[in-house]
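Report on the following structure.
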Amino acid sequence: QVQLEESGGGLVQPGGSLRLSCAASRSIFSLYAMGWYRQAPGKQRELVAAFTSGSNLNYAESVKGRFTISRDNAKNTVYLQMNSLKPEDTAVYYCNAKIVTYEGTSNYWGQGTQVTVSS
């Protein structure tokens, strides 16, 4: 019920910053959750940051204090501001949305955007 498109990835040096954007095809106000996941080579996809129902926030311990998730409901867009980037942040970053119905939870994913942190 929603299409997601990420943008903003790229190559950045350690200590640098990037801002990722996730544009949704519909209003994000009523979604159960929206957030960002990432998957590094050889590793499982992991939660980076997310809004959950009620606008609560959830961050991975590894990014707390460095990354900030935000949203603009009028633009149907969620952002991930990434500061003080480290080489271990290198991964494909995916936007995620969850819709909860009586049948259960449905997950929707963007195509992903590559973030590479390297000197």
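The values are calculated or read from the model by the stated rules, or taken from the named source; none is laboratory data. These numbers were taken from a predicted model, which means no experiment stands behind them. Backbone-built Cβ (ideal geometry, glycine too); neighbour counts: all protein chains shown. Side chains included, ligands, DNA and RNA excluded: accessible areas come from the protein's heavy atoms. Shrake-Rupley method; radii C 1.70, N 1.55, O 1.52, S 1.80 Å.
Some points to look at:
- Magnitude of the charge dipole, the chain, Cβ model with Lys/Arg +1 and Asp/Glu -1, debye to 20: 120 debye
- Mean accessible surface per residue for the range 52-96, computed with a 1.4 Å probe while every protein chain stays in place, in Å²: 49 Å²
- Residues in the range 12-26 carry Karplus couplings, in order, of 9, 7, x, x, x, 9, 9, 10, 8, 10, 10, 9, 9, 7, 8 Hz; the curve used is 6.51 cos²θ - 1.76 cosθ + 1.60 with θ = phi - 60°, and Gly or Pro positions show x.
- To put it simply, the accessible area of the chain at a 1.4 Å probe is 45 percent carbon and sulfur.
- Residues of type aspartates and glutamates that LYS86 reaches as a straight line, Cα spacing below 20 Å, ignoring anything fewer than 8 places off in the same chain: GLU46, GLU61
- Each of SER118 and SER62 was given a label point 7 Å from its Cα along the Cα-to-Cβ line. The distance between the two points is 1.8 nm.
- Relative contact order for the chain: 36 percent, from Cα pairs under 8 Å spaced at least 6 residues apart, divided by residue count.
- Backbone phi angles across the range 103-119, fed through the Karplus curve with coefficients 6.51, -1.76 and 1.60 (θ = phi - 60°), yield HN-Hα couplings of 8, x, 9, 10, 9, 10, 10, x, 6, x, 9, 7, 10, 10, 10, 7, 8 Hz in residue order; Gly and Pro are listed as x.
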